[in-house]
Each structure stands twice: as structure tokens, then as C-alpha cells.
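The values are calculated or read from the model by the stated rules, or taken from the named source; none is laboratory data. Here the structure is a predicted model, which is why all the values come from computation and not from measurement. Backbone-built Cβ (ideal geometry, glycine too); neighbour counts: all protein chains shown. Note: areas computed on protein heavy atoms with side chains; ligands, DNA, RNA excluded. Shrake-Rupley method; radii C 1.70, N 1.55, O 1.52, S 1.80 Å.
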Amino acid sequence: MNRRLLHTPEGVRDLYGTQCSDRSWVKGVICKKMCSFGFEEIDTPTFEYFDVFSEEISDNSARELYKFFDKDGITMVLRPDFTPSVARLASKYFLEDDEPVRFCYSGKTFLNTHSLQGKLKESTEIGAELMNDGSIYADAEMIALLVESISSTGLKDFKVSIGDADYYYGICEEAGIDFETEEYIREQLVNRNAFEADRIMEEYGVSEKYRELIRSVSTCIGNADVLNEAGSLANNKRSLFAIKHLQDLYKVLCSYGMQEYISFDLGMLSKFNYYTGVVFGAYTYGVGDAIAKGGRYDNLLERFGKSAPSIGFKINLDDLMTALYRQNVELPLRNEKIVIDFNDSDFENALSKAKALRAEGKQVILKGAN
């Protein structure tokens, strides 16, 4: 007899019972919050052409994609990230005028990572994108929406850390570091591996002055005061503009009443090449990584035929649920199911009772006699 496969592949899992109902509730309250800000729900395909994502990720990250060929031999990938798909959709169906558009979505993403470190290969994300608006008020709205979305689930003990990719890019430009080398360095900084980043800089002949400056980027972490410190270290227009932008953004976020949730991290970068300015992530205890990540991507839509400054974020539902459980956040209890027994002689009566109770919103199981 052949042995039946009852387990799942590495990096994916089954979900059932309370886990499923809790996730549905959390997803529902977040989507409701996003809709309250005027965001409209959209849905994009689970797989896309490889070209939709190829220019936005490094060669190393490209190896983590699930690739396959269609019947015409064209390379397809399972969606590793929502943002390029949403950008493609927006460029095709929207943005005819210059009015801002707001989208929200939820679904699965897939990454065939080799170093799992407890991470899943299949994740569920909930996200929002604001397109055609390059203002500082758009940045503040998205960060405020992220804070309110997470708070709506009952999680209160978290911080949104904000950086600006232009601060780092400005230093790299000042140091004369080419794009390929910058990408190698950034990949290590994203993984918080300053030692390896420094080794790469030494190998590519980056001067000690700029090696020290780039190393210091990852230590510029703290409240709004750290922005003054970071500004004193940089000596180029792009980095200084980034600091000024963050200071102005903080003022708007204070108007939203968000200051208790905000911190700054100038070393916050992304492995995705499309981020151009403000980047941010939400962190809490009990989870080893950010429960949400986002940022501005002003040049991405141009690839799909429409130039439009944009900003967005995604919440990792798997990590958010881990945080909620480990912090003992109370989630709504599932309603008890009502069981109505029946046999052939009283089925009509039982069915009538079940219909009436279901109409009241009760969960009813009709249980026939064996």
C-alpha cells in the first residue's frame, strides 16, 4: 500500500477552526478601516508575467520567485509582491485624469526563500496604495491609515518606524558608488548585516570616510531628534532634502495625533528597487520582523505607461496574527453553533426552525439521525 501524503510542503501550512475565523475578523476590520479612508477594493491575478517584477528586484531576490512557463513558453511567476501588479492595473484602467486614486486589496504572495528563519513561503497580505499624489499629506495619510488599521485589530503596543531611502541614496551618489555596488550594499543593510556591507564597500574601493558614513546610517534610530543628528552627518542635497521632508512629515503626523506611534530609522531600506523616498515599517514585540512595510514609489508606474507619484503599504496578516496571539489581545469569540436534530418524520419542522434561527444571524447545523 502506498503511504499517503498528509503533511504540507516546507514553508506552507493548513489553517482551520479559530485560526481561520480570527483571521477573517482581523482582515474584515482592517478592510473596513481602509474603506473609511475612501479606498476601493481591487483584485489582481495570483500569477503574472515575469517582466512585471523583473526590474524591481535584485538578481538574488529574483532567484526566490516561483517561476514557470505557460503553453507558449513565456515565463510567469507567482505573485511575490502586490505593488507592481497594482501599478500595472492602475496604469491600464485608471489615471486618465490627474486625480488621486486609492486602492486596497488582500491575498497571497509567494517567495521561495531558502533561509526560512521561521518565515512562510506563502503569506497573506492586506495592502493599500494611494496613486497620483506626491504630496507630504499623502505620505501622512498612508502612515496614519496604517496606524489606525493595526489599532483597529486591538493591537496597541507597536511603533511605525520611518526612514527615507533618498538619505542613503544621496550618500551613495556623493561617494560615487555605482548602482550595482549600491544594490549589493543595500541588500546587506536590509538584512542588518553591517559587517558584510562594510566588506563589500572595502572590496569595491569605497573610501573610509563614506564607509563610516554608510555604516552610521544603520545607527540613526530614535525619536524626531535623531533627524537633526542625521542631517549633521550628510553633506549632499538629496540626503538633506530627505531629512527636511521627514521633519515636515512628522509635523503633519502630529496633526493626526500619531506621535506616540512614530519613530525614525534612517537605515530602513528595501530590497525592492522601486522605493524612491519615504519608507516605513510597523514593529511590535513577539514577532521577529515588521508586521507591515511600505513606502513611496514615484517612478514605478512610468514602467507601465503612466507617470504618477504613489505610496502604499502592506500588512503581513500572518505576522500580525502572531503578535495578537502572543500579546493575548482579545478577539471576538465565535458564536456557538446550534445543533437541531431531525429524522425523516420531523425534517420539515427542523428545517423551519433552522431557517428562522439563521435569519437571526445564528449558526445552525441540521443533524440527521444516522
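Starting from region 216-234, keep only residues that are farther than 17 Å from Ile262 by Cβ, then list their pairs with residues that are charged (D, E, K, R) and part of a helix (DSSP H, G or I) whose Cβ atoms are within a distance under 9 Å, requiring at least 6 positions of separation or different chains. Listed by first residue and then by second, the contacts come to Gly231/Lys244; Ala234/Glu174.
Only one entry of Asp98, Asp59 meets the criterion of being closer than 20 Å to Gly312 by Cβ, modelled with pLDDT under 90 and not hydroxyl-bearing (Ser, Thr, Tyr), and that entry is Asp98.
Residues are listed down the side, and each one gets a yes or a no for (1) under 30 Å from Arg303 (Cα atoms); (2) among the small types (Gly, Ala, Ser):
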| position | (1), (2) |
| --- | --- |
| Leu5 | no, no |
| Thr18 | no, no |
| Arg23 | no, no |
| Lys33 | no, no |
| Ser36 | no, yes |
| Thr44 | yes, no |
| Ala62 | yes, yes |
| Ala90 | yes, yes |
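With Val26, Val52, Val77 as the choices, which residue is open to solvent by less than 40 Å² (accessible area, probe 1.4 Å) and under 16 Å from the mean Cα position of the chain (by Cα)? After ruling out the rest, the residue left standing is Val26. Selection of first residues in region 239-256 that are closer than 13 Å to Gly277 by Cα and of second residues that are among the acidic types (Asp, Glu) and open to solvent by less than 10 Å² (accessible area, probe 1.4 Å), restricted to Cβ pairs under 7 Å at least 6 apart or on distinct chains, gives the following pairs, ordered by first then second residue: Ala242/Asp164; His245/Asp164; Leu246/Asp164; Leu249/Asp139. When region 93-107 is limited to residues that are assigned to a loop (DSSP other than H, G, I, E, B) and in contact (Cβ under 8 Å) with a residue 12 or more places away in the chain, the one that is least open to solvent (accessible area, probe 1.4 Å) turns out to be Leu95. Every condition in (1) among the acidic types (Asp, Glu); (2) within 29 Å of Leu120 (Cβ to Cβ); (3) assigned to a helix (DSSP H, G or I) holds for Asp289 except the one numbered (3).
Restricting region 257-286 to residues that are in a loop (DSSP other than H, G, I, E, B) and of a type in the set (Ser, Thr, Tyr), which is farthest from Pro80 (Cα to Cα)? Let's see the steps before the verdict.
Taking region 257-286 and keeping what is in a loop (DSSP other than H, G, I, E, B), we get 257-258, 266-277, 285-286.
The next check asks that each one be of a type in the set (Ser, Thr, Tyr); those that pass are 270, 274-276, 285.
Values: Ser270: 14, Tyr274: 14, Tyr275: 16, Thr276: 19, Tyr285: 26 Å.
Residue satisfying both the conditions and the ranking: Tyr285.
Can you confirm whether region 111-126 contains a residue that is touching a helix residue (DSSP H, G or I) at 6+ places or on another chain (Cβ under 8 Å) and assigned to a loop (DSSP other than H, G, I, E, B)? I'd like the intermediate steps shown before the answer.
Here is the first cut: in region 111-126, the ones touching a helix residue (DSSP H, G or I) at 6+ places or on another chain (Cβ under 8 Å) are 120, 123-126.
Applying the additional criterion that residues be assigned to a loop (DSSP other than H, G, I, E, B) yields 120.
Looking for residues that are touching a helix residue (DSSP H, G or I) at 6+ places or on another chain (Cβ under 8 Å) and assigned to a loop (DSSP other than H, G, I, E, B), one finds at least one in region 111-126, hence yes.
Remark: pairs (first residue in region 27-51, part of a strand (DSSP E or B); second residue open to solvent by 60 Å² or more (accessible area, probe 1.4 Å); Cβ separation under 7 Å; 6+ apart in sequence or on different chains) = Glu40/Arg102; Tyr49/Ile74. Return yes or no: is Glu10 over 30 Å from Ala144 (Cβ atoms), open to solvent by 60 Å² or more (accessible area, probe 1.4 Å), modelled with pLDDT under 90 and touching a helix residue (DSSP H, G or I) at 6+ places or on another chain (Cβ under 7 Å)? Judged against the criteria, Glu10 is not a match. Please tell me if Val190 is among the hydrophobic types (A, V, I, L, M, F, W, C) and within 23 Å of the chain's Cα centre (by Cα). When the stated conditions are applied, Val190 passes them.
Would you point out the residue of region 20-48, among those that are touching a Cys at 6+ places or on another chain (Cβ under 6 Å) and not charged (D, E, K, R), that is farthest from Thr124 (Cα to Cα)?
So the first thing to find is which residues in region 20-48 are touching a Cys at 6+ places or on another chain (Cβ under 6 Å), and the list is 34, 39, 41.
Going one step further and asking which of them are not charged (D, E, K, R), we end up with 34, 39.
Values: Met34: 17, Phe39: 19 Å.
Only one residue fits best here, namely Phe39.
Among the residues of region 292-304, the ones that are in a loop (DSSP other than H, G, I, E, B) and either free of Cβ contacts under 8 Å to residues at least 40 places away in the same chain or open to solvent by less than 20 Å² (accessible area, probe 1.4 Å) (or both) come to 3 in all. Only one of the listed residues (Ala144, Ala87, Ala128, Ala140) is under 21 Å from Phe50 (Cβ atoms), open to solvent by less than 30 Å² (accessible area, probe 1.4 Å) and small (Gly, Ala, Ser). That residue is Ala87. When Phe110 is tested against (1) open to solvent by less than 40 Å² (accessible area, probe 1.4 Å); (2) modelled with pLDDT of 95 or more, exactly one condition is not met: (2).
Selection over region 305-356 of residues that are touching a residue at least 24 places away in the same chain (Cβ under 8 Å), among the basic types (Lys, Arg) and out of contact with any helix residue (DSSP H, G or I) (no Cβ under 6 Å at 6 or more places or on another chain) gives a count of 3. Which of (1) at pLDDT below 90; (2) farther than 17 Å from Tyr275 by Cα; (3) under 29 Å from the mean Cα position of the chain (by Cα) is the odd one out, the single condition Tyr184 does not satisfy? Against the list (1) at pLDDT below 90; (2) farther than 17 Å from Tyr275 by Cα; (3) under 29 Å from the mean Cα position of the chain (by Cα), Tyr184 comes up short only on (2). Does Asp72 satisfy the criteria of being modelled with pLDDT of 90 or more, assigned to a loop (DSSP other than H, G, I, E, B) and acidic (Asp, Glu)? Answer is yes for this residue.
The residues of region 331-363 that are open to solvent by 100 Å² or more (accessible area, probe 1.4 Å) and assigned to a loop (DSSP other than H, G, I, E, B), listed by number, are Leu333, Arg334, Glu336, Lys337, Asp344, Ser345, Glu360.
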